[in-house]
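The values are calculated or read from the model by the stated rules, or taken from the named source; none is laboratory data. As the structure is a prediction and not an experimental result, all values here were calculated from the model. In this analysis, Cβ positions are derived from the backbone assuming ideal geometry, glycine residues included, and neighbour counts consider all displayed protein chains. The area values use the complete protein model at the heavy-atom level, side chains included, leaving out ligands, DNA and RNA. Shrake-Rupley method; radii C 1.70, N 1.55, O 1.52, S 1.80 Å.
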Amino acid sequence: MIKLKLHWQILIAMLLAVIAGFATGTDADIAGITFYSIYEFVGGLFLNALKMLIVPLITASIITGVAGIGIGDGFGRLGAKTVIYYFTTSLLAILTGLFFVNLIVPGVVNGVPAGGLMGLEADVSEIVANSQGRGASDFLTVFERMVPTNIFKAAAEGQMLGIITFSLIFAYYMVRIPSRYATAMTDFWQAMMMIMLKITELVMMFAPIGVFALVAKVVASTGFSAIMPLASFAGTVFLALLFHSVITLPLLMAAVGKVHPVRHFQAMLPALLMAFSTSSSAATLPVTLDSVEKRAGVSNRVSSFVLPLGATINMDGTALYECVAVIFIAQAYGIDLSLGLQFLIVTTALLTSVGVAGVPAASLVAIVVILAAAGLPAEGIGLILAVDRILDMCRTTVNVFSDSCGAVIIARSEGEDSVLAKIPDIR
Ligand code: ASP
């Protein structure tokens, strides 16, 4: 029997899910059980399994990776490169969004602000309430989260930043104690990492089923009718995301990383499909690590440093989306944005995107924060809710793709010549 490669299986599952989602909608049932609740149950189970991997896999990955850097000056150098890459690409993404939303002006239809046409029936009170007391200074809470009072509590709550900082410091000192003890600890974490990779493989065997359920659920509940009035907004976001991922990032890959961008796309396919289906860069992280290491050939030393940090703080797609959404809402309300205000939106989008969690719909709260900072009506968020999920799938894919490009570029700058030299055929 011919065994299809995993990414093909996932792709086929997605296509079938679109058909199934349309056919069943939210109401069709079998023996009194709606198909929708089956999608929800199976998709939820798969997401749980992915999330189950996160804490042990990320901890082991960071610790073995940093231990691999050894005791030279590699630690600081890698850190500096990572931060510079994240800052630059997020800013480029936001500027791309700014350009397209000003060019297309999706918030104005036939010269009339579209807010009135769309109505504002959506209930936004919960999102607005969530954003109370938050502001651009929300950025500072990122630093707060980096130093949790209790590392186990942070792990239990899925606060990745706390786990990352602790693991980085732990590994830094792990290789600086007497070698007898250092070796014992290194062996332990290496073993842990190997086991977690095996469990990841096991979970990934169920990916086609999980992806089918997740995508069918979205299609069944969203459909096309909700998207149509917002087609121009969704199109603007989509175009800008596309520009960032097929022009900006590949150019950086070719010019700075000196690698073939198409090869990288191919290598990253499993992770990109997973990001699209789950709308969560955190849940995709195990697959991102797997694709970047095994398929693109980046060392664990670099990927384990760059990717967990990236999944938490580098969100190009999200930053771009925040900027386009806020300016679209201003346009729809007929509010003219001065250059100063646009600048404020760009900076706040950059800062808040760092604080956005890698979970579905996390941007919405950040958008309310930016609306408030720019003095725009928070209820405007209601305009975009109908298309948020589908755009979430797209922006999460870009978030994950940018992290993976960062890993490749940084690995190349560290002298890893074998990265993307060829695509290893593993599945
Ligand atoms: N869903 C996105 C992610 O996980 C975050 C967002 O923009 O809502 O990357």
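Take A28 and decide whether it is more than 30 Å from I410 (Cβ to Cβ), modelled with pLDDT of 90 or more, open to solvent by less than 60 Å² (accessible area, probe 1.4 Å) and hydrophobic (A, V, I, L, M, F, W, C).
no
Pull out all pairs, ordered by first then second residue, where Cβ-Cβ is under 8 Å, the residues are six or more apart or on different chains, the first lies in the stretch 150-172 and is under 20 Å from M185 (Cα atoms), and the second is outside any helix (DSSP H, G or I).
Here the result reads T165/V147; F166/P148, each pair linking the stretch 150-172 to a residue that is outside any helix (DSSP H, G or I).
Any chance the stretch 373-389 includes a residue that's open to solvent by 20 Å² or more (accessible area, probe 1.4 Å) and within 13 Å of the ligand (Cβ to nearest atom)?
yes
When the stretch 346-359 is examined, which residues are found to be within 16 Å of the ligand (Cβ to nearest atom) and either in a helix (DSSP H, G or I) or open to solvent by less than 30 Å² (accessible area, probe 1.4 Å) (or both)?
T348, A349, L350, L351, T352, S353, V354, G355, V356, G358
Taking the stretch 67-83 only, how many residues are open to solvent by less than 10 Å² (accessible area, probe 1.4 Å) and more than 23 Å from the chain's Cα centre (by Cα)?
Of the stretch 67-83, the ones open to solvent by less than 10 Å² (accessible area, probe 1.4 Å) are 74, 78, 82.
From what's left, more than 23 Å from the chain's Cα centre (by Cα): 74.
Number satisfying all stated conditions: 1.
For G72, which of the numbered conditions (1) assigned to a helix (DSSP H, G or I); (2) modelled with pLDDT under 85 fails to hold?
Status for G72: all satisfied but (1).
Given the options M204, M253, name the one that is more than 16 Å from the ligand (Cβ to nearest atom) and modelled with pLDDT under 90. Write out each step before concluding.
On the way: M253 fails: modelled with pLDDT under 90.
Exactly one residue qualifies, and that residue is M204.
Read through the list (1) charged (D, E, K, R); (2) within 16 Å of the ligand (Cβ to nearest atom); (3) open to solvent by 10 Å² or more (accessible area, probe 1.4 Å), then give the number of the only condition that D316 fails.
The single condition D316 does not satisfy is (3).
Kindly evaluate E322 against the criterion of being within 16 Å of the ligand (Cβ to nearest atom), assigned to a helix (DSSP H, G or I) and charged (D, E, K, R).
yes
Have a look at V365, V400, V419 and point out the one that is within 28 Å of K51 (Cβ to Cβ), among the hydrophobic types (A, V, I, L, M, F, W, C) and either more than 16 Å from the ligand (Cβ to nearest atom) or surrounded by fewer than 24 Cβ atoms within 10 Å (Cβ to Cβ) (or both).
V365
Suppose we filter the stretch 360-387 for residues that are over 22 Å from L285 (Cβ atoms), out of contact with any Gly (no Cβ under 8 Å at 6 or more places or on another chain) and in a helix (DSSP H, G or I); how many remain?
Number satisfying all stated conditions: 10.
For residues that are within 12 Å of the ligand (Cβ to nearest atom), open to solvent by less than 10 Å² (accessible area, probe 1.4 Å) and in a helix (DSSP H, G or I), tally how many sit in the stretch 278-310.
Total meeting the criteria: 7.
When both residues are 6+ apart or on different chains and their Cβ atoms are under 7 Å apart, which pairs have a first residue that lies in the stretch 178-207 and is within 16 Å of L285 (Cβ to Cβ), and a second that is at pLDDT 90 or above and acidic (D, E)?
Between residues of the stretch 178-207 that are within 16 Å of L285 (Cβ to Cβ) and residues that are at pLDDT 90 or above and acidic (D, E), the close pairs are T200/D290.
Taking F243 as the residue in question, decide whether it is open to solvent by 10 Å² or more (accessible area, probe 1.4 Å) and within 16 Å of the ligand (Cβ to nearest atom).
No: the conditions fail for F243.
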